[in-house]
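The values are calculated or read from the model by the stated rules, or taken from the named source; none is laboratory data. Nothing here was measured: the structure is a model prediction, and the numbers come from that model. All Cβ positions, even for glycine, are placed from backbone atoms using ideal geometry, and neighbour counts span all protein chains on display.
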C-alpha cells in the first residue's frame, strides 16, 4: 500500500506579519502603482499591497512568471492573446498588460507565443 501525500500548493507570501498568502495558480498578474502592488486574481478580485513589485519578482520568476514591463509581472498560463501592433498582452478577465520595448525580444522568442497560439498584428 502506498501513501499519497498531497503536494503543498505553492503560495506567494504577500504579508508575513498579517499571514497573507496567495496561491500562485490564482494570480493572473501584478501591477505596480508606486510603492504599492495590485494583484489581480483569477476570480476577478484584486488586492492592493504596500510592497513594491520588485519585492515579488524573484519569487514569481522562479514559478515561471514574466516581467514584461517595469510595472507588470504576468502569469503566462493566463495569456489569452498577444497584440504585436500595440505591444500588449491580453490576459484572462479582460486584463491588459503593456510590453516594454526592451522586453519585446523576450516575448517574441519565449513560450508566450507557444502558449497563446493567437498572435495578432
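So the values come out like this:
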| item | result |
| --- | --- |
| Scan of segment 32-70 for residues that are part of a strand (DSSP E or B) and either surrounded by 21 or more Cβ atoms within 10 Å (Cβ to Cβ) or in contact with a helix residue (DSSP H, G or I) (Cβ under 8 Å, 6 or more places away or on another chain) (or both), ordered by number | 37, 39, 40, 41, 66, 67, 68, 69 |
| Among residues of segment 71-92, those that are at pLDDT 95 or above and either over 20 Å from residue 12 (Cα atoms) or out of contact with any helix residue (DSSP H, G or I) (no Cβ under 9 Å at 6 or more places or on another chain) (or both), counted | 2 |
| Meets criteria (in a helix (DSSP H, G or I), farther than 23 Å from residue 35 by Cα and at pLDDT below 90) for residue 102 | no |
| Failed criterion for residue 30 (all others in (1) modelled with pLDDT under 95; (2) in contact with a strand residue (DSSP E or B) (Cβ under 9 Å, 6 or more places away or on another chain) hold) | (1) |
| Meets criteria (part of a strand (DSSP E or B), in contact with a helix residue (DSSP H, G or I) (Cβ under 6 Å, 6 or more places away or on another chain), buried (at least 17 other Cβ atoms within 10 Å of the Cβ) and touching a residue at least 12 places away in the same chain (Cβ under 8 Å)) for residue 14 | no |
